[in-house]
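Single-structure report; data block below.
The values are calculated or read from the model by the stated rules, or taken from the named source; none is laboratory data. All values reported here derive from a predicted model rather than from experimental measurement. For neighbour counting, all protein chains shown are included, and Cβ atoms are generated from backbone atoms with ideal geometry for every residue, glycine included. The protein model used for the area step is the full one, side chains on, heavy atoms only, and it has no ligands, DNA or RNA in it. Shrake-Rupley method; radii C 1.70, N 1.55, O 1.52, S 1.80 Å.
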Amino acid sequence: MRTLKFPILIQRKNNPTELLNFPRFSTTISNNVLPIAPLFSDKNPQRSFTDLLKIISRRRIPPPSLLEIELQHCKAIKAGFISNINSREVHGWIVRNRIELDVVLWNTIMELYVKFGAFECVKRVFGKMVERDVVSWNIMISAHLQVGDIHRSMELFRMSPFTNISSWNVVINGLMQNELHMRALQLLYEMVKIGCRLNQFTFSISLVLAGMLVLPELGRQLHAQILRNGFVHDAFIRTSLIDMYNKCGKMEASKVIFNGIHKSTYYDGLMSKVIAWSSMIAGYVQNGRSEDAFELFQRMLQEGANVDKFTLTSIAAACSDTGLLEQGRQVHAFVEKLGHGFDAYLTSAITNMYAKCGSLQDAHKTFDSINYRNVVSWTSIIGSYALHGKSREAIKLYEKMLDVNIIPNAITFVGVLSACSHGGLIEEGRKYFKSMQQDYGIVPCVEHFTCMVDLLGRAGLLDQAKEFIQENNISHHSVVWRALLAACQVHNNIEMAICSSEHLSQLEPNDVGAHVLLSNTFATRRNWVEASRIRSLMQQRGLDKQAGKSWIQLKGELHTFIVGDRLHPQSDEIYSYLEKLLGRLKEMGYSSRTNMLLHDLEEEQGESALNFHSERLAIAYGIISTPCGLPIRVMKNLRVCVDCHVAIKYISQATGREIIVRDAHRFHCFKDGKCSCGDYW
């Protein structure tokens, strides 16, 4: 991997996006008519409607046309300056003065009430309207969808005498907002079947739907129709196509569209191109292609494109995935340089990045720098401590968050329950799982259930973990059985492992990880016959185990190792050092865990490689390449095996080095012969 460097850019501050300026009255205005739009300008948004309406009343303004302008202007002003009370004042003034409104103005009033969540007011206005058009019905349908009343919204949709393409769009989009993606898909098929012509908005939301459901074939069909209908140059549709292909894992298709945008003379505006860059980089990160994301970001900088917060968030995530701390620090400096250092969401992403790169100290320092901490900020730091096995500290941070009146969300509780799981805090985990539902009304999702199964399983309460799965009717989720199976390996429970494996084989018959976990469990109990049978079954089904690899970054360069790796330029020196170190470790009391040999055969492809696993090679290279006293940070794509975990504790004691290892599940900080996990992982 090439070193990622960020050139010094002189970037102008972007002008803040201006709200729409409503047209001035260019014709001569009568003495009896006052141009009221300037009175309610963005420069003085706090002028109350009451004062405004008094002026209108004194000047005897004919309301229909000018009032419509003001009501439309209300919707454009930032929320917070105008309240639902102001909207009612306008409505009340209209009623008291017996103003005859046409359907357009009634619709505008309804939209104002929808904007401020005054659902009952929307229904009353709709019920009193003598004349209704397609917009009236669509506003009412949308209002019901907004409050989650799916049944009534569908009734209104079927009752409407004015159904057109916008009506279909409202319902499909509303169902998607309520996470009813399959129903939205059914409605999309129904719309196409009756011959309704799709417009730009339909294509955009349909592409989002295809991405959410990971339906690349539907996406390709939509793409073909977009080409056929001449919408290919629409900026929003093009970025929606990129996003859809990204979510479906079709990065080459995304790349073709992106390159077309890059060369196109039709594309709309600078911001649209920024969104395209951001979408493409995010796609690479989502699909585990961090190096491609880095390269595209480098190209973005070289071409002088504006870098927005979303792009920087994606690049921070790429650093998190790869554990590249040096790159992460460059990204952080770049964020500060562009003046985004006070953005809570982006700074939270930087906090998370530092934690996943192994520097919890930098993560907390970044968190402390946030002036306004929202639930995202707190959730990031809680999750950071949980990832590093600092369970008690994570719980203290959660309690501190409550003390400052921040309401936790579902993701916060994933971090809290994960902390309890990593620390074996059984009663605390049960308490927070209950509190999440009773105190905050959060319905548990599969992530929360998995944390609880993991919590009980790690503690050896395997029967309770199984009962928890059955009692909560979550046996259809493969991830909970995988968590239980992993716990069975730790506690050498063959019977429960077989039970978990059977459920997994029904749900995901080609799950490589499940087969490996079961094989390892048999190997731990020295049941070689069954372990060999599982491996043979994997070969018959063509299931290949993911190769174990570890990597370390030094001086801007990434060094990757696999078991028994001899390709590194300094391999002779690395192996020589490891052999000498092994002798020293044995003198200190270390001995190889021979009962894990078959496990290691699966993980690292060879019994003879037991002492030369990828993480040991990376650690040895780090030790011989850096000055004494500096911590060693190594990343691994698989779970650290038991033998390596024991060996690294001895290495930290023998060398006086702090060794930080991130495996597929968590961080292990080895220091003075001890690990931060307390051998509980």
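Restricting the stretch 518-544 to residues that are within 19 Å of residue 496 (Cβ to Cβ) and of a type in the set (Ser, Thr, Tyr) leaves a set whose member that is modelled with the lowest pLDDT is 524. Considering the stretch 647-658, and only residues there that are out of contact with any Leu (no Cβ under 9 Å at 6 or more places or on another chain) and either under 21 Å from residue 458 (Cβ atoms) or not in a helix (DSSP H, G or I) (or both), the residue that is least open to solvent (accessible area, probe 1.4 Å) turns out to be 648. Would you check if residue 197 is over 29 Å from the mean Cα position of the chain (by Cα), without any contact (Cβ under 8 Å) to a residue 24 or more places away in the chain and over 19 Å from residue 103 (Cα atoms)? Against the criterion (over 29 Å from the mean Cα position of the chain (by Cα), without any contact (Cβ under 8 Å) to a residue 24 or more places away in the chain and over 19 Å from residue 103 (Cα atoms)), residue 197 does not qualify. Scanning the stretch 561-587 for residues that are open to solvent by 90 Å² or more (accessible area, probe 1.4 Å), over 17 Å from residue 647 (Cβ atoms) and free of Cβ contacts under 8 Å to residues at least 12 places away in the same chain gives 566, 567, 569, 572.
Taking the criterion of being modelled with pLDDT of 65 or more and among the β-branched types (Val, Ile, Thr), the residues of the stretch 564-622 that qualify are 574, 619.
Looking across the stretch 606-623, the residues that are small (Gly, Ala, Ser) and surrounded by fewer than 19 Cβ atoms within 10 Å (Cβ to Cβ) come down to 606, 608.
In the stretch 360-389, what residues are out of contact with any Cys (no Cβ under 6 Å at 6 or more places or on another chain), outside any helix (DSSP H, G or I) and surrounded by 21 or more Cβ atoms within 10 Å (Cβ to Cβ)? Can you show your working first?
So the first thing to find is which residues in the stretch 360-389 are out of contact with any Cys (no Cβ under 6 Å at 6 or more places or on another chain), and the list is 360-388.
From what is left, the residues that are outside any helix (DSSP H, G or I) are 369-374, 388.
If the condition is that a residue be out of contact with any Cys (no Cβ under 6 Å at 6 or more places or on another chain), outside any helix (DSSP H, G or I) and surrounded by 21 or more Cβ atoms within 10 Å (Cβ to Cβ), then 370, 388 are the ones that fit.
Could you please find all residues in the stretch 246-274 being hydrophobic (A, V, I, L, M, F, W, C), open to solvent by 70 Å² or more (accessible area, probe 1.4 Å) and at pLDDT 85 or above? Scanning the stretch 246-274 gives a single hit, 256.
Taking the stretch 366-399 as the range and being of a type in the set (D, E, K, R) and out of contact with any helix residue (DSSP H, G or I) (no Cβ under 8 Å at 6 or more places or on another chain) as the test, the residues that pass are 368, 396, 399. Check the stretch 163-174 and report whether any residue there is out of contact with any strand residue (DSSP E or B) (no Cβ under 6 Å at 6 or more places or on another chain) and open to solvent by 70 Å² or more (accessible area, probe 1.4 Å). No, the stretch 163-174 contains no residue that is out of contact with any strand residue (DSSP E or B) (no Cβ under 6 Å at 6 or more places or on another chain) and open to solvent by 70 Å² or more (accessible area, probe 1.4 Å).
Residue count for the stretch 432-457 under the criterion of being open to solvent by 30 Å² or more (accessible area, probe 1.4 Å) and touching a Ser or Thr at 6+ places or on another chain (Cβ under 6 Å): the result is 1. Scanning the stretch 624-645 for residues that are part of a helix (DSSP H, G or I) and either without any contact (Cβ under 8 Å) to a residue 24 or more places away in the chain or surrounded by fewer than 17 Cβ atoms within 10 Å (Cβ to Cβ) (or both) returns 624, 625. When the residues of the stretch 212-226 are filtered to those that are out of contact with any Leu (no Cβ under 9 Å at 6 or more places or on another chain) and within 14 Å of residue 238 (Cα to Cα), the one that is surrounded by the fewest Cβ atoms within 10 Å (Cβ to Cβ) is 224.
Is there a residue being out of contact with any Leu (no Cβ under 9 Å at 6 or more places or on another chain), open to solvent by less than 40 Å² (accessible area, probe 1.4 Å), in a helix (DSSP H, G or I) and more than 23 Å from residue 547 (Cβ to Cβ) anywhere in the stretch 659-677? No, the stretch 659-677 has no match at all.
Considering the conditions (1) part of a helix (DSSP H, G or I); (2) farther than 25 Å from residue 282 by Cβ, residue 197 is excluded by exactly one of them, (1).
Here residue 242 meets the list (1) modelled with pLDDT under 90; (2) aliphatic (A, V, I, L, M); (3) open to solvent by less than 20 Å² (accessible area, probe 1.4 Å); (4) part of a helix (DSSP H, G or I) almost entirely, failing just condition (1).
Of all residues in the stretch 394-414, which are out of contact with any Pro (no Cβ under 9 Å at 6 or more places or on another chain), farther than 14 Å from residue 444 by Cβ and assigned to a helix (DSSP H, G or I)?
Correct list: 394, 395, 396, 397, 399, 400, 403.
Figure legend. Inter-residue proximity from the stretch 290-307: first residues modelled with pLDDT of 90 or more, second residues not in a helix (DSSP H, G or I), beta-carbon distance below 6 Å, spacing 6+ or different chains. Indicated pairs: 294/4. The set of residues in the stretch 478-504 that are under 15 Å from residue 527 (Cβ atoms) and either open to solvent by less than 10 Å² (accessible area, probe 1.4 Å) or in contact with a Pro (Cβ under 6 Å, 6 or more places away or on another chain) (or both) comprises 488, 497.
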